[in-house]
Amino acid sequence: QKEVEQDPGPLSVPEGAIVSLNCTYSNSAFQYFMWYRQYSRKGPELLMYTYSSGNKEDGRFTAQVDKSSKYISLFIRDSQPSDSATYLCAMTIGSERNNNDMRFGAGTRLTVKP
Amino acid sequence: GEEVAQTPKHLVRGEGQKAKLYCAPIKGHSYVFWYQQVLKNEFKFLISFQNENVFDETGMPKERFSAKCLPNSPCSLEIQATKLEDSAVYFCASSQRRQSGGALHFGNGTRLTVT
């Protein structure tokens, strides 16, 4: 079993829809949670960065972390065709000893149709 | 600069040839990371640096891969005697803080094709 599970999709929604993207994880030591957006033939771009449980909102994007369920979500409101990309979740422990504990999901490919 | 700059964008090498990839991290970022992404699969960590010092090289295939981050120069990742399975996109990322707890900022990658 992978440490981070993410449905690769593809996910297709009409413009204006609310999009829900999710990841589950198995390691309860993860404390820092990130969402990256990756356009085709580009590097991942950091969208949201959260610490521990709770919600964080930035414009049309809301990130939720539920550590008790080991479940994180990214919501996109009023989705636009420009949101079409692959969305990757990532998480780290925050260890002082280990610099290589970031784990990525496989990425969900999203298409927003006009 | 404000972006992680990777060169070249594309690199084609015959099997057995050498490949060298470059990365200029964001100015002020002390940590540099190299990842390998094969066929849009998950990112595989290769190596990380704190300034010019290797911090973690647990992901490096040491017999053919090497990397450096020298002062006042772009960081580099070199593959001696490339193999077909080295074909991948190689991403460089930089961070102000250690990876643990520090968000990574990625470049656009170098696509290496070994024929």
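What number, in percent, do you get for the relative contact order of chain B if the mean sequence gap of Cα pairs under 8 Å and at least 6 apart is divided by its residue count?
Details: 288 pairs, mean separation 42.6, N = 115.
Reported relative contact order: 37 percent.
Size estimate for the stretch A:1-97 follows the Kirkwood approach: the inverse of mean 1/r over distinct Cα pairs works out to 14.0 Å. Projected onto planes of every orientation and averaged, the convex hull of the alpha-carbon atoms in chain B covers 6.5 nm².
What dipole magnitude, in Debye to the nearest 20, does chain A give about its Cα centre under +1 on Lys/Arg Cβ and -1 on Asp/Glu Cβ?
Numbers: 13 positive and 12 negative charges, 40 e Å.
That gives a dipole near 180 debye.
In plain terms, the chain from B:Val54 to B:Lys27 could stretch by 7.9 nm, reckoned as 0.36 nm per residue minus the Cα-Cα distance. Between the listed residues A:Ser68, A:Asn55, A:Thr92, the Cα displaced farthest toward the positive end of the dipole of the stretch A:19-98, a dipole computed from Cβ unit charges relative to the Cα centre, is found at A:Thr92. When the C-alpha to C-alpha distance is required to be over 25 Å, the pairs from A:Lys2/B:Lys20; A:Lys2/A:Lys70; A:Lys42/A:Lys67; B:Lys9/B:Lys44; B:Lys20/B:Lys62 that qualify are A:Lys2/B:Lys20; A:Lys42/A:Lys67.
Please name whichever of B:Leu46, B:Pro8, B:Trp34 sits farthest to the positive end of the charge dipole of chain B, dipole taken about the Cα centre and charges placed at Cβ: Lys and Arg +1, Asp and Glu -1. Among B:Leu46, B:Pro8, B:Trp34, the one farthest towards the positive end of the dipole of chain B is B:Pro8. Rounded to the nearest 20, the size of the Cβ-charge dipole of chain B about its Cα centre is 120 debye, with Lys and Arg at +1 and Asp and Glu at -1. Any chance you could tell me what percent of the C-alpha pair distances in the protein assembly as shown go past 23 Å? Value for the protein assembly as shown: 49 percent of Cα pairs lie more than 23 Å apart. A simple spin-label model places the labels of A:Asn27 and A:Leu46 1.9 nm from each other, with each point 7 Å out along Cα-to-Cβ. Considering the zone a paramagnetic label at B:Ser73 would reach in this model (a point 7 Å from Cα along the Cα-to-Cβ line), which residues of the stretch B:38-59 have amide N under 18 Å from it? Within reach of a label on B:Ser73, which here means backbone N under 18 Å from a point 7 Å along Cα→Cβ, the stretch B:38-59 contributes B:48-55. Computed from backbone phi with θ = phi - 60° and the Karplus coefficients 6.51, -1.76 and 1.60, the 3J(HN,Hα) list for the stretch A:42-52 is 10, x, x, 10, 5, 9, 9, 9, 10, 10, 6 Hz; x is used for glycine and proline.
Need one value for A:39-50: mean number of C-beta atoms belonging to other chains within 10 Å of its residues' C-beta atoms.
Values: counts 1, 1, 6, 4, 15, 11, 3, 5, 0, 1, 3, 0.
Neighbouring Cβ atoms belonging to other protein chains average 4 per residue here.
Each residue was assigned an accessible area with a 1.4 Å probe, and for A:Thr50 the value is about 20 Å².
Using a 1.4 Å probe on the protein chains only, how many percent of the accessible area of chain A belongs to carbon and sulfur?
In chain A, the share of accessible area belonging to carbon and sulfur is 46 percent.
With contacts taken as Cα pairs under 8 Å at a separation of at least 6 residues, chain A carries a relative contact order of 37 percent. Taking 7 Å steps out from each Cα toward its Cβ at B:Lys18 and B:Ala81 produces label points 1.4 nm apart. Taken across both chains, chains A and B shield about 2000 Å² of accessible surface from a 1.4 Å probe. Database remark: amide H of A:Ala106 closer than 5 angstrom to the amide H of A:Gln6 (H placed geometrically; neighbours at sequence offset of 5 or more, or on other chains; Pro and chain starts carry no H).
Coupling constants for the stretch A:20-25 follow from the phi torsions by the Karplus curve (6.51 cos²θ - 1.76 cosθ + 1.60, θ = phi - 60°), and in residue order they are 10, 10, 9, 9, 10, 9 Hz; glycine and proline get x.
Spin-label pair B:Gln96-A:Glu3: with each label point 7 Å from Cα along the Cα-Cβ axis, the two points sit 2.5 nm from one another.
Other residues whose C-beta falls under 15 angstrom from the C-beta of A:Ile18 contribute a net charge of -1, scoring Lys and Arg +1 and Asp and Glu -1.
A Cβ-based charge dipole, computed about the Cα centre of the protein assembly as shown with Lys and Arg at +1 and Asp and Glu at -1, lands at about 360 debye.
The values are calculated or read from the model by the stated rules, or taken from the named source; none is laboratory data. None of these values were measured; they are calculated from a predicted model. FYI the Cβ positions are ideal-geometry reconstructions off the backbone, even for glycines, and counts take in every protein chain you see. Just so you know, the surface numbers come from the protein's heavy atoms only, side chains and all, with ligands and any DNA or RNA stripped out. Shrake-Rupley method; radii C 1.70, N 1.55, O 1.52, S 1.80 Å.
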